[in-house]
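The values are calculated or read from the model by the stated rules, or taken from the named source; none is laboratory data. Everything numeric here is computed off the predicted structure, so don't read it as measured data. Glycine also receives a Cβ, built like all others from the backbone with ideal geometry; neighbour counts cover every protein chain displayed.
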Amino acid sequence: MYKIEAVLQPAKLDAVKDALAEIGAEGLTILEARGHGRQKGHTEFYRGREYSVDVLPKIKVELVVADAMVERVVQAITKAARTGKIGDGKIFLSKVEEAIRIRNDERGEAAL
């Protein structure tokens, strides 16, 4: 099993959720986040004054999937979230040793 964490632009959340539902990926967690990568934020003008926005709004999507689903999930997220511009986000993969469903103590992939 793998935990997939994707940090992406808020405007792409619906497209990513739809893409994951289309391939049958279930059980995701969505978090609002703020941060920056290489773009290091940007400057804006408000009431005639310039100020720096060094952390940008992002969305973090987390899900744990069976080994057989990892590449399909990564491809679905990548295709749905890509604009081709800086700030599209990143995907992180981590190996998960065990999953346990609290309700009935199911373990492993059955708990997903």
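A few comments on the model shown:
- Whichever residue in segment 1-57 is among the β-branched types (Val, Ile, Thr) and under 10 Å from the mean Cα position of the chain (by Cα) and, among such residues, is farthest from ILE86 (Cα to Cα): THR29
- Of the strands (runs of 3 or more DSSP E) that lie entirely inside segment 40-89, those containing 2 or more residues that are surrounded by 16 or more Cβ atoms within 10 Å (Cβ to Cβ) span 56-65.
- Qualifying residue in segment 98-107 (condition: of a type in the set (Val, Ile, Thr), over 15 Å from MET1 (Cα atoms), over 13 Å from the mean Cα position of the chain (by Cα) and exposed (fewer than 15 other Cβ atoms within 10 Å of the Cβ)): yes
- In segment 19-37, residue surrounded by the most Cβ atoms within 10 Å (Cβ to Cβ) [restricted to those that are out of contact with any strand residue (DSSP E or B) (no Cβ under 9 Å at 6 or more places or on another chain) and of a type outside the set (D, E, K, R)]: ALA19
- Where a residue in segment 90-112 is within 18 Å of ALA25 (Cβ to Cβ) and its partner, wherever it lies, is among the aromatic types (Phe, Trp, Tyr), with Cβ under 7 Å and at least six apart: LEU93/TYR2; SER94/TYR2; LYS95/TYR2; VAL96/TYR2
- Among the residues of segment 10-41, just one is at pLDDT 95 or above and among the polar types (S, T, N, Q), namely THR29.
- Matching residues, segment 1-39, being more than 22 Å from GLU109 (Cβ to Cβ), outside any helix (DSSP H, G or I) and charged (D, E, K, R): GLU32, ARG34, ARG38
- Some residue of segment 80-92 being within 24 Å of VAL7 (Cβ to Cβ), among the acidic types (Asp, Glu) and within 13 Å of the chain's Cα centre (by Cα): yes
- Residue list for segment 1-29, filter: closer than 15 Å to PHE92 by Cα and touching a helix residue (DSSP H, G or I) at 6+ places or on another chain (Cβ under 8 Å): MET1, TYR2, ILE4, ALA6, LEU8, LEU28
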